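Input: a single structure, listed below in structure tokens.
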């Protein structure tokens, strides 16, 4: 968190704020002076005291066994979970059958025409091309399976999200209760959601869909609530004065006014569901994610990429189309929709008559081999013995011995109460006493769960990776903000890296950096960079041109402008970048358990793989706590006041 | 027939959902992707290692091209696969390395899983060092000498100790207990997945660096990176009963096949075929090597093997 603590000094906070910061710290110091000796005398320093842990493995194992033994007989399962599970299976199956019945031509036509109606001709062509590319890569059937799963998951997420959002948007009390929960759910790593659903539903599509829903519904709920609450009061009063009922007001004024937020929510929900599609393959989602996962087992980066690219294409297309839909509907009205529907049916029937429902086997392009050759070449030439700079393996070794090891040793050496104190100080300086309390309690919870050491291990990886991400990301962001051409070049690269399933680059990362914590950190950096770059660029570009102009007229050099005007003014954006960076890095450091990252990520993988849900759930809970703590420690107070994402 | 089963379940579920009563047993649900468009579908569990992929590739190829089935494959780890098998979300596991707890629970108590005979391949887990290292230090293959060479195996991750590399957390392993009980100056590092472990082994081998790894036979990697097993204290029946006190080598396990009990009864030709599926270690390695090293798709590899071994698989179809 070095960057964070350094920011206030460089920026030069107003006197009042600084006073408040000093006051907070003094108060904390007094509290510490009283409490620390007490705690120290009671439980001793060093690692988390044994007396303060609760061993959950026995009861959790008991619950897990009970569920397996009673799943086919207990009423709770027969009359409740069974139906949920059935409903998911049936609806996914129904969508899948419709997609298969439409055939590849029908699906492509339908998607293209839909995109044309909501987003215009260019995106329609792009959509059709993307779907055809999925077929060309030989991934038509898996793509349809993933699509079927996604359609159901997104629909359920949206319905659930809108309902929750309506409740929160119309009632202040619900809003206050839901807001922190939703905010928090958005920052938690997807991996942590897998275990509880597996516990109840077992491996398979129902579990995958439900995990996706839990992961993807919060943004919809959050943005619906914000949209409803953000509606212009004067308009509402005007509508009210017309003597409308509450229901009429909701449907004729409040919801239409919240349209932008609703569509933004839909967009985010789709994106999150897609990113979950791959991670859920660990619990049997099938489809594209499963292909990626299987390819990784045989260290086949090319095949993993062939299955990963359709996901990227789907994500980019859906992002652009829902984004464009937010700008406004095309003219043409109902007739346009009717034409589109008729054309779709015509194409589907034509394809059916021509006997071309399945993607023709000869129309595929094998990209696996050239990709693998490229990866082999890269690893052969970069791994070690590169003159002057050393190979990637050497870097990884140095990174581990010089940065990760001391950091982990340092964190684990610190007495437990001092870790809590640092967390409290950081969270309080940047937020309110409430955020500080949440952060401290979350951190303490990892100790209570009995995973203090692995949590600090994970934390050390997160801190190291975040530091690297911020240095690289902010530097790139500054470059992008200063050159339009560079930004244009960068944009597609960022798109791809942001949507590429993390699993795809885990293996090349191992080939380059070996097994251990270093490759996990590298994968995390790669994943988090795009967001950091993007936020930094945007923040710098939004700096008031007048301020820049006056600085220039005073004869400030461009470095001076950057340091003294742009960066300080972009401070909120930079803080948001830190926050996002931390959240994203944590998500991948956890997945790093698959490449030797150890710590909490490994425990979750172990729990899933061994069916030892006790270990996995405890680790999952600790990840949740860690995520909560990191978010609170890096979440600037401004974000609460801000509207939207 | 699985198809009628799905239909009945569908009908029941619709009935149940519309009337709001009746029981929905979620342990009897097939995958939503099964039996689409009237095709007879078999769902096979693929474990993450390539040997298992080879079994599935060949079984899938024969089921599709000789028996006219549609085959779905799902990658599931070993223990969750047992659960999925008992629920009918997959129909068969073709290679199991021995899970006594699960056998007792699902085969003997709940009777939701049926044994389907041996695969014909015998598996063995052990500690291995590369053969080029054995040529330099012939006595390294005895566990008693491992401490002497611990400094050779040091890495950034293992700190001051030697590194013993383990693979996926889903695999059967006693290594942590072994290191402790044999009082070795080693640290177990989990690669986290087999893919990561193989990648790391190949990088080590390319540079002829020393390494000590948890590994198992049959495995195609032996053809690419020759390795020699380190002798651990010999295995005796029951010496691995208490996981915390293990101080002996791993056993030799004849690998087993299992079917979902309903599928076993009503799976028709497919179930009969899977029960007869039986091949040798060489066969499996041949296919696995084609998949993992020559980067053939599982289907191409299976076709190649099937074309050359008609006498072997003909008897499975009868």
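The values are calculated or read from the model by the stated rules, or taken from the named source; none is laboratory data. Nothing here was measured: the structure is a model prediction, and the numbers come from that model. Here the Cβ is made from the backbone with ideal geometry for all residues, glycine too, and neighbour counts use every protein chain on show.
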message: Being at pLDDT 80 or above and farther than 25 Å from residue A:492 by Cα is the filter here; which residues of the stretch A:514-545 pass it?
response: A:517, A:518
query: When the stretch B:185-200 is examined, which residues are found to be part of a loop (DSSP other than H, G, I, E, B) and either within 11 Å of chain A (Cβ to nearest Cβ) or crowded, with 20+ Cβ neighbours inside 10 Å (or both)?
result: B:191, B:192, B:193
message: Please count how many residues of the stretch A:49-73 are surrounded by fewer than 17 Cβ atoms within 10 Å (Cβ to Cβ), in a loop (DSSP other than H, G, I, E, B) and without any contact (Cβ under 8 Å) to a residue 24 or more places away in the chain.
response: 1
- request: Within the stretch A:105-127, identify whether any single residue is more than 9 Å from chain B (Cβ to nearest Cβ), on the phi > 0 side of the Ramachandran plot and surrounded by 19 or more Cβ atoms within 10 Å (Cβ to Cβ), and answer yes or no.
  value: no
query: Within the stretch B:209-218, restricting attention to residues that are within 12 Å of chain A (Cβ to nearest Cβ) and surrounded by fewer than 23 Cβ atoms within 10 Å (Cβ to Cβ), which residue is farthest from residue B:157 (Cα to Cα)?
result: B:209
field: helices (runs of 4 or more DSSP H) fully within the stretch B:209-293 counting 3 or more residues that are touching a residue at least 40 places away in the same chain (Cβ under 8 Å) and assigned by TED's automatic domain parsing to the domain that holds residue B:70
entry: B:261-266, B:268-276, B:281-292
task: Could you tell me which numbered condition residue B:83 fails, if it satisfies all but one of (1) more than 22 Å from residue B:292 (Cβ to Cβ); (2) within 9 Å of another protein chain (Cβ to nearest Cβ); (3) touching a residue at least 40 places away in the same chain (Cβ under 8 Å)?
output: (3)
- request: Can you confirm whether the stretch A:264-281 contains a residue that is at the interface with chain B (Cβ under 9 Å from one of its Cβ atoms), in contact (Cβ under 8 Å) with a residue 24 or more places away in the chain and either farther than 25 Å from residue A:364 by Cα or over 18 Å from the mean Cα position of the chain (by Cα) (or both)?
  value: no
message: Just checking, does the stretch A:217-231 include any residue being free of Cβ contacts under 8 Å to residues at least 40 places away in the same chain, over 26 Å from residue A:634 (Cα atoms) and assigned to a helix (DSSP H, G or I)?
response: no
Selection within the stretch B:147-172 - within 7 Å of another protein chain (Cβ to nearest Cβ) and in contact (Cβ under 8 Å) with a residue 60 or more places away in the chain: B:168, B:170
query: Is it the case that some residue within the stretch B:86-104 is surrounded by 24 or more Cβ atoms within 10 Å (Cβ to Cβ), touching a residue at least 40 places away in the same chain (Cβ under 8 Å) and in a helix (DSSP H, G or I)?
result: yes
message: When you scan the stretch B:105-117, do you find a residue that is in the same structural domain as residue B:213 (by TED's automatic domain parsing), touching a helix residue (DSSP H, G or I) at 6+ places or on another chain (Cβ under 8 Å) and not in a helix (DSSP H, G or I), even just one?
response: no
statement: Taking the stretch A:231-259 and keeping only residues that are within 25 Å of the chain's Cα centre (by Cα) and surrounded by 15 or more Cβ atoms within 10 Å (Cβ to Cβ), one is left with A:258
field: Hits in the stretch B:50-69 - residues which are in contact with a helix residue (DSSP H, G or I) (Cβ under 7 Å, 6 or more places away or on another chain) and over 22 Å from residue B:219 (Cβ atoms)
entry: B:62, B:63, B:66, B:67, B:69
